[in-house]
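Novice: One structure follows; several queries about it will come next.
The values are calculated or read from the model by the stated rules, or taken from the named source; none is laboratory data. This structure is a prediction, so every number in the text was calculated from the model and none was measured. We place every Cβ from the backbone using ideal geometry, glycine too, and count neighbours over all the protein chains shown.
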Amino acid sequence: MNISLWNHISSLLEQEILPLNFSLFLSDVVVSGDGDELILSCPNEFVLEQVRSNYEERIRELARQISGREIAVRVTSGPQIANPPVRLMPATPAGESPSPPDPSTFLLNAEVVEGPENLFAWQALRQAIAFPGRYNPLFVYGKTGVGKSRYLQTIASAYEKRGRKVLLLRGFEFMNQYMMAVQKNAYEAFYQHFCGLDLLCIDDVHYLEGKDRTQETFTNIFNGLFDSGAQIVLSADRPPNAITGMMEALVSRLTWGLILEIAPPSETTRRRLVERWSAHAQPLPAAVVERLVAHPFASVRAFEGVLTRLWAQTEIFGRPVGLREVQEELERTGEDAAPLGLSEIERLVCDHFNLSSRELTGKDRSLRVARPRQLAMYLAKKHGSSSYPVIGEFFGLKSHSSVISACRRIEKLRRSDRQLSLDLDEIEKNLK
């Protein structure tokens, strides 16, 4: 059973991390253990440290999602196994201008499933691969699990295949490496990591919020790479001007290029995901597929997690799953509750503040109406699935930047304004 479980886990990890990292740190892991224990034996101490530091928690999380119970994951050092040779990617020689391919024919890696909801984002990524620096920086944002990390991994992999020098870091990894450099007075070695890069990807850059010295350092690195023509790609859970605690100078730089929202998977995307998975596993019953495709999942990660567990049940227990198992999985993950609609939020806020729908979505800017409108937009973004522009249009605003400002203001006031906090708590109790 543990071999089958590891096969499922490793197939998901292979989609999440760069191919080079998977080859170096996970491809030679030897799996053992019975029942509720998964033992991963690494070929040497270096691989052991990397797996423990970067992948152990994610492996434990995937094991729990797939099996439906807690699995003890133990990472140990096993027999020595020769690692495959690693070719370091050189930086593009100065002055070289390779002829780029036609971006309309550029194929992304096989793990990418494109849907109509994010067509613009993927086309922009093709342009960034074919014409480095055209959209610089390229900033993508969206809720957890919608595919931001995969977006960055895709462009990083494409650059590596073309012989470019690439560095992909998570926001907290950048912060930790900088703090270590400060402690060891090793600034030169730290900056050396970024010299000569053709592509820098920072995933979850919002981890830098409130860290002024780290932001100053990142801004200096950003300026140097930007001036040298390197492509910079960043991701966050919010657009740049909605990240509280971010220095104005850095926010200004993050908004220089193209800002794109990654939306939750549409019905078309969910169907394509099922079709892709079915090509490598036993097909699910048609009724199960239709139930999954029709459900408005909040993220690709949640959808793939449910798919993984359903296919695992089919493989491990040797019987097809039905609608009952689908419903159990949706309830287990909290996916049985659909995102709250804008009309429902509007109704709850109007009832609480004794306002009419026309007042809440109208042009009245008095505090009596404006503050409830801000609360409604904050709740819509927090509990719903609509984008900033859609929320702004619904509540009668001309620009989605007003929605972002409202969300930031309510987030701050919630910590200092007791009455506003009580109002929010009361409304959120009635959210279904």
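Novice: From the list Leu169, Leu107, Leu62, which one is of a type outside the set (D, E, K, R), modelled with pLDDT of 85 or more and outside any helix (DSSP H, G or I)? Let's see the steps before the verdict.
Specialist: Working: Leu107 fails: modelled with pLDDT of 85 or more; Leu62 fails: outside any helix (DSSP H, G or I).
Result of the check over Leu169, Leu107, Leu62: Leu169.
Novice: Any idea which residue in segment 19-46 is surrounded by the fewest Cβ atoms within 10 Å (Cβ to Cβ), counting only those that are modelled with pLDDT under 75 and among the hydrophobic types (A, V, I, L, M, F, W, C)?
Specialist: Phe46
Novice: Within segment 114-124, identify whether any single residue is touching a Pro at 6+ places or on another chain (Cβ under 6 Å), in a helix (DSSP H, G or I) and more than 27 Å from Thr217 (Cβ to Cβ), and answer yes or no.
Specialist: Checked segment 114-124: no residue is touching a Pro at 6+ places or on another chain (Cβ under 6 Å), in a helix (DSSP H, G or I) and more than 27 Å from Thr217 (Cβ to Cβ).
Novice: Considering segment 175-208 alone, what residues qualify as being outside any helix (DSSP H, G or I) and either buried (at least 17 other Cβ atoms within 10 Å of the Cβ) or in contact with a Leu (Cβ under 9 Å, 6 or more places away or on another chain) (or both)? Outline the logic, then answer.
Specialist: So the first thing to find is which residues in segment 175-208 are outside any helix (DSSP H, G or I), and the list is 185-186, 193-204.
Those that are outside any helix (DSSP H, G or I) and either buried (at least 17 other Cβ atoms within 10 Å of the Cβ) or in contact with a Leu (Cβ under 9 Å, 6 or more places away or on another chain) (or both): His193, Phe194, Leu197, Asp198, Leu199, Leu200, Cys201, Ile202, Asp203, Asp204.
Novice: Another question about this same structure. Has segment 341-355 got at least one residue that is without any contact (Cβ under 8 Å) to a residue 60 or more places away in the chain, assigned to a loop (DSSP other than H, G, I, E, B) and at positive phi?
Specialist: Taking every residue of segment 341-355 in turn, at least one turns out to be without any contact (Cβ under 8 Å) to a residue 60 or more places away in the chain, assigned to a loop (DSSP other than H, G, I, E, B) and at positive phi.
Novice: Let me ask another. May I ask you to verify whether Phe172 is in the same structural domain as Tyr135 (by TED's automatic domain parsing), surrounded by fewer than 21 Cβ atoms within 10 Å (Cβ to Cβ), within 26 Å of Ala121 (Cβ to Cβ) and out of contact with any Cys (no Cβ under 9 Å at 6 or more places or on another chain)? Quick ask: steps written out before the conclusion?
Specialist: On the way: in the same structural domain as Tyr135 (by TED's automatic domain parsing): yes; surrounded by fewer than 21 Cβ atoms within 10 Å (Cβ to Cβ): yes; within 26 Å of Ala121 (Cβ to Cβ): yes; out of contact with any Cys (no Cβ under 9 Å at 6 or more places or on another chain): yes.
So Phe172 passes the test.
Novice: Here's another thing I want to ask about it. Go through segment 236-245 and count every residue that is outside any helix (DSSP H, G or I), in contact with a strand residue (DSSP E or B) (Cβ under 8 Å, 6 or more places away or on another chain) and touching a residue at least 40 places away in the same chain (Cβ under 8 Å).
Specialist: If we filter segment 236-245 for residues that are outside any helix (DSSP H, G or I), which is where we start, we get 236-239, 243-245.
If we keep only those that are in contact with a strand residue (DSSP E or B) (Cβ under 8 Å, 6 or more places away or on another chain) as well, we get 236-239, 243.
Now restrict to residues that are touching a residue at least 40 places away in the same chain (Cβ under 8 Å): 236-239.
The total comes to 4.
Novice: Could you please tell me which pairs satisfy a Cβ distance under 6 Å, a separation of 6+ or placement on different chains, a first residue in segment 218-235 that is in the same structural domain as Ala124 (by TED's automatic domain parsing), and a second residue that is charged (D, E, K, R)?
Specialist: Within 6 Å, the pairs are Phe222/Arg253; Ala230/Asp198; Ser235/Lys148; Ser235/Asp203.
Novice: Within segment 145-203, can you find the residues that are over 30 Å from Glu114 (Cα atoms) and of a type in the set (A, V, I, L, M)? Steps first, answer last, please.
Specialist: Residues of segment 145-203 that are over 30 Å from Glu114 (Cα atoms), as a first pass: 175-196.
Result: Met175, Met179, Met180, Ala181, Val182, Ala186, Ala189.
Novice: Continuing with this model, one more query. Taking Gly396 and the conditions (1) within 15 Å of Leu348 (Cβ to Cβ); (2) surrounded by fewer than 20 Cβ atoms within 10 Å (Cβ to Cβ), which numbered condition does it fall short on, given that it satisfies the others?
Specialist: Failed condition: (1).
Novice: Considering segment 47-63 alone, what residues qualify as being under 20 Å from Gly305 (Cα atoms) and either surrounded by 19 or more Cβ atoms within 10 Å (Cβ to Cβ) or touching a residue at least 40 places away in the same chain (Cβ under 8 Å) (or both)?
Specialist: Scanning segment 47-63 gives Tyr55, Arg58, Ile59, Leu62, Ala63.
Novice: Output the number of the condition that Ser149 fails; it satisfies all remaining conditions of (1) at pLDDT 85 or above; (2) closer than 20 Å to Cys195 by Cα.
Specialist: (2)
Novice: If you go through segment 151-163, how many residues are charged (D, E, K, R), surrounded by 14 or more Cβ atoms within 10 Å (Cβ to Cβ) and under 24 Å from the mean Cα position of the chain (by Cα)? Walk me through it before giving the result.
Specialist: Applying the first criterion (charged (D, E, K, R)) to segment 151-163 yields 160-162.
Remaining after also requiring surrounded by 14 or more Cβ atoms within 10 Å (Cβ to Cβ): 160, 162.
Filter again for under 24 Å from the mean Cα position of the chain (by Cα), leaving 160.
Residues flagged as charged (D, E, K, R), surrounded by 14 or more Cβ atoms within 10 Å (Cβ to Cβ) and under 24 Å from the mean Cα position of the chain (by Cα) within segment 151-163 amount to 1.
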